[in-house]
Amino acid sequence: MFSKERHVVANTPECEQFYISCDYGTVNPSSFGLWGYCKTDQVWYRLQEYYYDARKEGCSRTDEAHYTALEALAGNRTIEAVIIDPSAASMIACIAQHGRFRVIRADNDVLAGIQRVSTALQQERIRFLLPVPTHCENSECIAGKMLGMGDAPKKEFDHAMDDVRYFVSTVLRRKAEDDFFTAAIGRR
């Protein structure tokens, strides 16, 4: 679904609302994405990212070191919330302890999340600012049928895609639900 021609931009319009999505790891890579919403075109832009691979670098970082990177990514922007992997208990505690950011535990339904990202790409509701980090180009692939449970994603090289999935599944999904309403009209 991803197309550089449709989903990558050199410049973004002015953004009014910001979130950060996080896939957190101590040994596995950590990927944090800064998202900005533009009201004029109603698109969310991935403006910047922080990516740290402890295996590649040969050195793990502490929660505090990752938090410092989170602060730098946010800059002086007002961040609505940090959407984070629900299993990242120590990082969630670290963020809460500092008190600057509200934390939302991400919806971590992998298959539904992949579908939501596909839909967001098809509808052009998300775009990525140049340069697109190579981490974002690694998409979650389908490994095939596993134990009769349907398609399953191959869980490797997917950390940036996980943080994208967390953002789409949590923020875009909530926005869609907020815009949804029902009505009933009685019959006579």
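The values are calculated or read from the model by the stated rules, or taken from the named source; none is laboratory data. Since the model is a prediction, treat every value here as computed from it, not as a measurement. As a convention, Cβ positions derive from the backbone with ideal geometry for all residues, glycine included, and neighbour counts pool all protein chains shown. Accessible surface areas use protein heavy atoms only, side chains included; no ligands, DNA or RNA. Shrake-Rupley method; radii C 1.70, N 1.55, O 1.52, S 1.80 Å.
Near Thr26: Cβ cut-off under 13 Å, other residues only, Lys/Arg at +1 and Asp/Glu at -1. The net charge is -4. Take the Cβ atoms of Gln123 and Glu16, set R0 to 22 Å, and the FRET efficiency comes out at 0.65.
Annotation: per residue accessible area for segment 1-80 equals 51 Å², rounded to a whole number [probe 1.4 Å, protein chains only]. Average projection, convex hull of the Cα set of segment 61-111: 3.9 square nanometres. Amide hydrogen proximity for Arg102: with H placed 1.01 Å from N in the peptide plane, the residues at 5 or more positions away or on another chain lying under 5 Å are Val82.
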